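I have placed the structure first, in the form of structure tokens, so that the comments after it can refer back to it.
The values are calculated or read from the model by the stated rules, or taken from the named source; none is laboratory data. Since we're looking at a predicted model, the values are computed, not measured. Glycine also receives a Cβ, built like all others from the backbone with ideal geometry; neighbour counts cover every protein chain displayed. We work out accessible area using only protein heavy atoms, side chains counted, and drop any ligands, DNA or RNA first. Shrake-Rupley method; radii C 1.70, N 1.55, O 1.52, S 1.80 Å.
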Amino acid sequence: MKVKNEMSVSFPSNSANESFGRAVVSAFAAQLDPTIDELSDIKTAVSEAVTNCIVHAYRNAIGMIYINAKYDEKGTLQIRIRDKGCGIEDVEQAMQPLYTTAEGEERAGLGFAVMESFMDKLRVTSKPGKGTTVTMQKNLARRVMKNG
Amino acid sequence: MGVRLILKDGFLTAMLSGEIDHHSARELREEIDETAMRTKPQMLTMDFSNVQFMDSSGVGLIMGRYKLVQLWGGAVSIANLPPKLEKLISLSGLRELCTIVKDVKSDESEE
């Protein structure tokens, strides 16, 4: 990826920051002139990833959430959301729709399913005890020309 | 962000507004449940006309209310879903549990 522009932001895992996290990525993505639908997809996917950090990674604690977003000349937007929380033992199982480890809290178990279907690419890497990194891509290619 | 609750003839309508995420869902849940448990409506209508954003926490909110009203044999309907939330609702499988209704006008008589 030949980076044309990039931003990083980090904040503690307070649930009030869920809206901040998706708003800041959305403001950055707006540089690629996405459609309202594309922007809504991005906001929703980021919200899921940030919520996972708050609900699962830092379950009974507050820790930092790190977001990095960048795009290239072709209009590919890449968003990386990282935590240093508990990590996921079995990533494949965690990514199954409806699977949740937070039953009592009305979690629908759809976080990864939403990220997967709302974005064009999703990669999840995790080390138990070390943390989790979610990398997502959205292709906003056809619009990049007019932004020069 | 918030919810306005309207009770009429055993039907409870929850007029939701703002952004529904994990942070805001807790308060919405508490407000809806407080009235729902007291009035035990046959139908709980969740109206999304003024919802600007929703992630899967909103799906959890609907599923949880569905389970609650089931306790007394009630049902949940989803009203006035904005187009941008349709993708999420389709993915969630909620169409199997709830009726989806459009163009519902709500009464202004507040509970």
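Rg over Rh for the protein assembly as shown works out to 1.00, using Cα positions for both radii and the Kirkwood form for Rh. Placing +1 on each Lys and Arg Cβ and -1 on each Asp and Glu Cβ, with no other charges, gives segment A:24-148 a dipole about its Cα centre of roughly 560 debye.
Please label the shape of segment A:40-79 as rounded, prolate or oblate, based on the square roots a ≥ b ≥ c of the eigenvalues of the alpha-carbon gyration tensor (a/c under 1.5 means rounded; beyond that, a/b larger than b/c means prolate, else oblate). It is oblate, given that a/c is not under 1.5 and a/b is not larger than b/c.
The region of chain A that goes longest without hitting one of the GluC sites (Glu not before Pro) in a DSSP loop, each with at most 14 other Cβ atoms within 10 Å, is A:1-72. Solvent-accessible area lost on pairing B with A (1.4 Å probe, both sides summed) amounts to about 1800 Å². Is chain B rounded, prolate or oblate when judged by the Cα gyration tensor, a ≥ b ≥ c being the square roots of its eigenvalues, rounded requiring a/c under 1.5 and prolate requiring a/b larger than b/c? Because its axes are fairly even, with a/c under 1.5, chain B counts as rounded.
The antiparallel fraction among DSSP beta bridges confined to the protein assembly as shown stands at about 70%. Averaging Cα coordinates gives a centre for segment B:24-54 and one for segment A:20-64; these two points are 24 Å apart. Every helix of 4 or more DSSP H residues in the protein assembly as shown counts as -39500 (n - 2.57), and over all residues that averages to -10000 deg cm²/dmol at 222 nm.
At an R0 of 35 angstrom, the distance between the Cβ atoms of A:ALA30 and B:THR99 translates into a FRET efficiency of 0.45. When the other protein chains are added to the chain by itself, burial of at least 30 square angstrom of heavy-atom accessible area (probe 1.4 Å, ligands and nucleic acids ignored) affects these residues of segment B:73-88: B:LYS84, B:LYS87, B:LEU88.
If we count trypsin sites (Lys or Arg not before Pro) as exposed when they sit in a DSSP loop and have at most 13 other beta carbons within 10 Å, what is the longest stretch of chain B that avoids them all? Maximal segment without exposed cleavage sites: B:1-101. First check a/c for chain A, with a ≥ b ≥ c the square roots of the eigenvalues of its C-alpha gyration tensor; if it is under 1.5, answer rounded, and if not, answer prolate when a/b is larger than b/c or oblate otherwise. Prolate, because a/c is 1.5 or more and a/b exceeds b/c.
For A:LYS43, a cut-off of 19 angstrom between C-alpha atoms picks up these aspartates and glutamates, skipping any fewer than 8 places away in its own chain: A:GLU6, A:GLU18, A:ASP33, A:ASP83, A:GLU116, A:ASP120, B:GLU19, B:ASP21, B:ASP55, B:GLU86. A 1.4 Å probe run over the protein chains yields, for chain B, 48 Å² of accessible area per residue, whole-number rounding. The C-alpha atoms of chain B define a longest principal axis, and helix B:83-92 lies at about 80 degrees to it. Solvent-accessible surface of segment A:55-148, taken per residue with a 1.4 Å probe and all protein chains present: 54 Å².
Surface composition of segment B:26-111: carbon and sulfur atoms hold 48% of the protein heavy-atom accessible area at a 1.4 Å probe.
Per atom type, chain A shows carbon and sulfur on 49% of its accessible surface, probed at 1.4 Å.
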